[in-house]
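A quick write-up on the structure given underneath.
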Amino acid sequence: MQRHGTQSTPRNGWKLGFLTLLAVIVVGFLVTIFLAMRPVKVAATAQPATTATTKINVTLNKQQVNALADYYVNKSLTNQSMKYRFQVADHAMLTGSTQVLGAHVNFSLMFQPTVLPSGDVKLTAQKLSIGALPVPVSFVMNYIAKNYPLPKWVAVDSGKHTVTLHLTAIGNGKKLSYAAKTIDLSGKGKFVFQARIPQN
């Protein structure tokens with residue numbers, strides 16, 4: 001009886017070890033499958049890209065804004081006999097000529113700019129300088145809208161005495177466009193625009 005007890009102990013130990021190892025392998029296999037099938041959690045800081053546009057803030061002074069305005073105005077005046085100019089000083093100012101009683105008369109129309117939530121700019125007419133002639137602002141703005149070769153992104157509302165510069169519409173979302181952030185006409189001026197560059 002003693003000999004039989006001595007021989008059975010190693011066998012029971014071997015079986016117990018084998019079963020333990022088998023249990024560890026099975027549990028590990030099941031845990032691996034469970035973890036592999038769980039959905040992946042995305043970190044809160046890793047947000048998916050919502051747009052394929054690179055945005056860069058650009059700060060300009062009055063001189064630089066005037067140069068940019070001249071570029072776009074001159075581009076729209078190609079092969080046009082009628083000329084006008086948009087510049088910023090203490091006010092935003094549109095200068096050109098209009099026809100009164102068959103005669104061309106030079107005028108200067110001053111605006112107060114406002115940045116809209118969309119990033120576009122609304123210009124509200126405040127003063128018209130056209131010599132001693134009593135010409136209403138709405139008449140001049142209506143003439144401008146009908147006769148001046150304005151860019152497609154410029155909208156004139158002669159009834160409300162406003163001109164809206166739809167900067168965000170330049171390029172139709174496929175080319176470089178802009179959004180206004182800050183317009184400060186004091187001193188040398190501070191104009192912050194956001195350049196929006198589409199990615200290919």
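The values are calculated or read from the model by the stated rules, or taken from the named source; none is laboratory data. A quick note: this is a predicted structure, and the numbers were derived from the prediction, not measured. Side chains included, ligands, DNA and RNA excluded: accessible areas come from the protein's heavy atoms. Shrake-Rupley method; radii C 1.70, N 1.55, O 1.52, S 1.80 Å.
Across region 145-191, what is the number of residues that are under 12 Å from the mean Cα position of the chain (by Cα) and part of a strand (DSSP E or B)?
Of the residues in region 145-191, 5 are under 12 Å from the mean Cα position of the chain (by Cα) and part of a strand (DSSP E or B).
Table: residues versus (1) modelled with pLDDT of 90 or more; (2) of a type in the set (S, T, Y); (3) open to solvent by 50 Å² or more (accessible area, probe 1.4 Å).
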| position | (1), (2), (3) |
| --- | --- |
| L109 | no, no, no |
| Q112 | yes, no, yes |
| S129 | no, yes, yes |
| K152 | no, no, yes |
| H161 | yes, no, yes |
| Y178 | no, yes, no |
| V192 | yes, no, no |
